[in-house]
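K.L.:
First, the structure itself, so that you have it in front of you.
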Amino acid sequence: MTFYPTDRLALFIDGSNLYSAAKGLGFDIDYRKLLEEFRKRGVLIRAYYYTALVEDEEYSPIRPLVDWLDYNGYALVTKAARQYTDAQGRKRWRGDMDVEIAVDMMEMAAGGADHLVLFSGDGDFRALVEAVQRRGSRVTVVSTVKSQPPMASDDLRRQADNFVDLADLSSIIGRPARLPRFIQESRGERQHEDEPEADAEA
C-alpha cells in the first residue's frame, strides 16, 4: 500500500462484505488493530462502518459489534434490513448499503480527503471509484481473491489505484476465528467485555 504521512485518510467498511471475506480466509477482524494500523499510515479523519440491522429482534448477533464500534472510534451507518422469502420459502434479510457508501465517499472526496480506503470487493463500486478519482482522491480497495470463491471483482481491482488482498493484512488486523459463544462457555472460556462478538456479521 502506498500511503503518505500527510495523507488525509477515510475508511469505508462494507460490514457484511468484509465479514464474508475474512470468514472465507479463516480469521476474524480485530477492529481495534485495524483502526490503529491506518492511524499509522496517515491522518485518519473518519472510519465509516456500514451495516443493516434487523429491527424488533430481542437479540441480534451483530448488536455487540455495532455498540463496540460506536464507542471506539468508528462512525456507524446503519439502516433497517428488509425481510424477503427466497425461492425455497425461507425467510431472509437484505440490507444493501451501496448508496450510503457512495454518498459518503463522494462527500469525503469533495471535502479534501486525499486517500479513500474501500473495504469491499463489490464490482458495483467501480463507477464510484472512478468518480472519486476524477475529484482527485486516490482509492485503495481491500478485499480478497484468495478465498473460494474470490470476493473481489476484477473490474474494481483494475479501477482502484491500489488493491490490497485482505489475506496479506491478516497478521496485522486479524485474529484466529473464535468459536461461537456457547462453545466458549462450555469450555470455561470468557470473551473480553471490550471486544466484539466474532460472529457478529453472520
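K.L.:
So if R0 is 45 Å, what FRET efficiency would GLN88 and ARG175 give, r being the distance between their Cβ atoms, rounded to the nearest 0.05?
P.N.:
Working: r = 35 Å, r/R0 = 0.77.
After rounding to 0.05, the efficiency reads 0.85.
K.L.:
Same structure again: With the Cα gyration tensor of the stretch 63-142 giving a ≥ b ≥ c as the square roots of its eigenvalues, does the rule (a/c under 1.5 for rounded; else a/b larger than b/c for prolate; else oblate) give rounded, prolate or oblate?
P.N.:
It comes out oblate by the Cα gyration axes.
K.L.:
OK, next. Can you give me the distance in nm between label points at ARG63 and ALA80, each placed 7 Å from the Cα along the Cα-to-Cβ direction?
P.N.:
Roughly 1.6 nm, to one decimal.
K.L.:
Further, regarding this structure: Which whole-number percentage describes the relative contact order of the stretch 8-186, with Cα contacts under 8 Å and a sequence gap of 6 or more?
P.N.:
Result for the stretch 8-186 is 28 percent.
Every number in this text was worked out from the coordinates using simple rules, so none of it is lab data. Keep in mind that this is a model prediction, so the values were computed, not measured. Because the Cβ atoms are built from the backbone with ideal geometry, glycine has one as well, and the counts that use them run over all protein chains shown.
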